[in-house]
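A.B. asks: My questions will all concern the structure given below.
Each reported figure results from applying straightforward, stated rules to the coordinates on display, with no laboratory input. Please read all numbers here as calculations on a predicted model, not as lab measurements. Virtual Cβ from ideal backbone geometry, glycine too; neighbours counted across all protein chains shown.
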Amino acid sequence: MDSILVGRTALVTGGGRGLGLAMAEAVARAGAKVALLDVRDEVRDAAERLAAATGAEVVGVMADVTDETSVEVALAEVEDRFGVVDALINAAGVADVTSALDITPEQFRRVVDINLTGTFFVCRAFARRLIAAGKTGSGVTIASMSGLRVNRPQDQAAYNASKAGVAMLTKSLAVEWLPLGIRLNSISPGYFASEQTLEVPRDRPEQFAEWMAHTPAGRMGEPHELGPLAVYLLGDASAYVVGQSIVIDGGYTAL
C-alpha cells in the first residue's frame, strides 16, 4: 500500500486525533503529503508525531469547518505548502446523546453544523480549488451506520439525522461533480474504539453489552481498520466506485 497515493496531497479534517488521525496515518503511509485540519491546537503536535512515525510530509492547520472563511484560509495555507489538495477525508464530527425531547436548538444546530454543513463547506472548497487548478481528485466523507439504523440504547436523533444527511450529500455531490473529474464516496463506520467510545465499556458496561449483542463481530473496530478502506477510495483502483456509502460495522447493519 506504500505507493498508492504517491504524488497526492491529502487533507484530513478532524485529523488531530481519533479516527481522523488513524486514517491520516494510513494515507501518509500510502505516500501522500498530509495536512491535518482540526479546530483544536493539538493538531500541530499530532502532525509532528505523524511525520516522525511515517516519514511523510505532514502539516497541522487549525480551522473551524462550520466557518467557510476559516476553511478557505486553511486550504490556501495547505496549497501554499504542498500544492493543490487532490485527496480529501472529511472526518470532523461530533455526537450528542441528549434526548430529542430535551435537546436545545443550540445543541441540535451544533451537531448539524459540524457534521453536515461543515462537510459541505470543506467538500465545496476542495472542489472549487481543484477546478480552478484544472486538476482531478477524490474525496471521502465520514457518515455512520447511525444514518442507516437507529442504534440503541443511546438517544441521538440529531446525530443520526446529520449522518444520514452526510451520506446523501455525498451521493448528490458525487453525481454533480464526477463530470468535472471529482469523485466522492462515504464511509459509514460502526462502533470503533476511539477515545469517545472507549468510555462506554469503562463507564457504562450495560450499554456496551447491548452494542456488542447487536454486533456479530462481537467487538468494536480498531481505528487502523478504517485506513485501508479510505486509501482504496482515494486511489485509482476505486475509479469506478462513485457516490457509495460503504459500511464497515462488524455486521451491525446486517441484522
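A.B. asks: Based on DSSP H runs of at least 4 residues, each adding -39500 (n - 2.57), what is the mean residue ellipticity at 222 nm of the chain after dividing by all its residues, to the nearest 500 deg cm²/dmol?
C.D. replies: -13000 deg cm²/dmol
A.B. asks: List the residues whose amide H sits under 5 Å from the amide H of residue 59, counting only those 5 or more places along or on another chain, with H placed 1.01 Å from N in the peptide plane.
C.D. replies: Those lying under 5 Å, H to H, from residue 59 are 34, 35, 36.
A.B. asks: With θ set to phi - 60°, apply the Karplus curve 6.51 cos²θ - 1.76 cosθ + 1.60 along the stretch 72-82 and write out the HN-Hα couplings as whole Hz, x wherever there is a Gly or Pro.
C.D. replies: Working through the residues one at a time gives 4, 4, 5, 5, 5, 5, 5, 4, 4, 7, 10 Hz.
A.B. asks: Can you work out the Karplus-derived ³J(HN,Hα) for every residue in the stretch 24-40? Use 6.51 cos²θ - 1.76 cosθ + 1.60 with θ = phi - 60°, whole Hz, and x for glycine or proline.
C.D. replies: Values, residue by residue: 4, 4, 4, 5, 4, 5, 7, x, 7, 6, 10, 10, 8, 10, 7, 6, 8 Hz.
A.B. asks: When Rg is the radius of gyration of the Cα atoms in the stretch 1-137 and Rh is its Kirkwood radius, what does Rg/Rh come to?
C.D. replies: Ratio of gyration radius to Kirkwood radius for the stretch 1-137: 1.01.
A.B. asks: A further question follows. Using θ = phi - 60° and the Karplus relation 6.51 cos²θ - 1.76 cosθ + 1.60, list the HN-Hα couplings for the stretch 97-103 in order, rounded to whole Hz, with x at every Gly or Pro.
C.D. replies: 9, 6, 5, 4, 6, 10, 5
A.B. asks: Roughly speaking, what % of Cα-Cα pairs in the chain are separated by over 28 Å, rounded to a whole number?
C.D. replies: Tail fraction, whole percent: 28.
A.B. asks: Counting other Cβ atoms within 10 Å of each Cβ, which trypsin sites (Lys or Arg not before Pro) in the stretch 37-116 have at most 13 and sit in a DSSP loop?
C.D. replies: In loop regions of the stretch 37-116 (DSSP not H, G, I, E or B), the sparsely surrounded trypsin sites (Lys or Arg not before Pro) are 40.
A.B. asks: Counting other Cβ atoms within 10 Å, keep those with at most 13, restrict to DSSP loop, and tell me which chymotrypsin sites (Phe, Trp or Tyr not before Pro) in the stretch 118-211 are left.
C.D. replies: none
A.B. asks: Suppose each label sits 7 Å from its Cα in the direction of the beta carbon; what would the residue 107-residue 52 distance come out to in nanometres?
C.D. replies: Rounded to a tenth, the inter-label distance reads 3.9 nm.
A.B. asks: Give me the Å³ per residue figure for the convex hull around the C-alpha atoms of the stretch 26-102.
C.D. replies: 122 Å³
A.B. asks: Then there's this: Note the per residue figure in Å³ for the convex hull of the C-alpha positions in the stretch 199-248.
C.D. replies: Taking only Cα atoms, the stretch 199-248 has a hull volume of 103 Å³ per residue.
A.B. asks: While we're on this one: Which aspartates and glutamates does residue 135 reach when only Cα atoms under 20 Å apart count, and residues fewer than 8 places away in its own chain are ignored?
C.D. replies: Hits, sequence-local ones excluded: 72, 77, 79, 80, 86, 176, 236.
A.B. asks: Starting from the Cα of residue 136, step 7 Å along the direction of its Cβ; do the same at residue 195; then give the gap between the two resulting points in nm.
C.D. replies: Those two pseudo-labels are separated by 3.8 nm.
A.B. asks: For residue 184, which sequence-distant residues (separation of 5 or more, or a different chain) have an amide H within less than 5 Å of its own amide H, given hydrogens modelled in the peptide plane?
C.D. replies: It is 139, 243, by chain and number.
A.B. asks: Suppose every Lys and Arg Cβ carries +1 and every Asp and Glu Cβ carries -1, with no other charges. What dipole size does the chain come out with about its Cα centre, to the nearest 20 debye?
C.D. replies: That gives a dipole near 660 debye.
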